[in-house]
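K.L.:
The structure's right below; bear with me while I get my questions together.
Nothing in this text is a laboratory measurement; each read-out follows from the coordinates by a stated rule. Just so it is clear, the structure is predicted and the values come from calculations on it, not from any experiment. Don't worry about glycine lacking a Cβ; one is built from the backbone with ideal geometry, like all the others, and counts go over all protein chains shown.
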Amino acid sequence: MSLKRSFLFTVFTVAVSLLSSVSANAADFAKAPFEKELFDKLQANGEVVLVDVYAPWCPTCKKQQKVIGQYFSANPESKVKVLVVDYDNQTEWVKYFKAPRQSTLYLYKNGEQKWFSVAETRKEKIFAAIDSAVK
C-alpha cells in the first residue's frame, strides 16, 4: 500500500471511529428543531411538549439530553414531543420563553406551562416532571 493510500485509510478509519462514538453517545430520542407553528399545533392537539433550550457547546445541556434520552428509553410508549430551541441561533425564541440561559427546560400541556427548570440534570427530577405533565 502506498504511503498516500495508507494515510487516507488511517484518516477514514479515525473518522468512522469518531462518528460511531458520537452517535453512540448521542441522546437517542426523537426531537425536532423549535418552530412556532409546530409548537402551536402540538399544543392545540393537547400534546405534552418539552422545550429544550440547548447549546451544543454546553456540558449541562448534554447531561440533560442524556437524561431525557434515558426517560424515553424507560418509557418507549411516551407521546411527549421534544422541541429544541438553539440557544445561539434562535435568540428570538430564547427571549420569547424568557430563558435565562442555555440548559433551560420547559414542559407545556394544553397551552399551559407545567414546569420550568434551569440546569436541572438530576434524573429523578426530570423524570418526575415529565411524568407529572403526562398525567
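K.L.:
Can you tell me the length gained on complete extension of the stretch Gln113 to Phe97, counting 0.36 nm per residue apart and subtracting the Cα distance?
P.N.:
Going from the current span to full extension adds 4.7 nm.
K.L.:
Kindly work out what percent of the DSSP beta bridges joining two residues of region 31-134 are antiparallel, to the nearest 5.
P.N.:
Bridges in region 31-134 that DSSP calls antiparallel: roughly 60 percent.
K.L.:
Within 10 Å of each candidate Cβ there may be at most 12 other Cβ atoms; applying that plus a DSSP loop requirement, which trypsin sites (Lys or Arg not before Pro) in region 38-84 survive?
P.N.:
Lys79
K.L.:
Under a point-charge model restricted to the Cβ atoms of Lys and Arg (+1) and Asp and Glu (-1), what is the dipole moment magnitude of region 31-134 relative to its Cα centre, in debye to the nearest 20?
P.N.:
320 debye
K.L.:
Let me ask another. Please give, to one decimal in nm, the separation of the simple spin-label points placed at Lys66 and Asn45, each 7 Å out from Cα toward the Cβ.
P.N.:
Placing both labels 7 Å along Cα→Cβ, they lie 3.2 nm apart.
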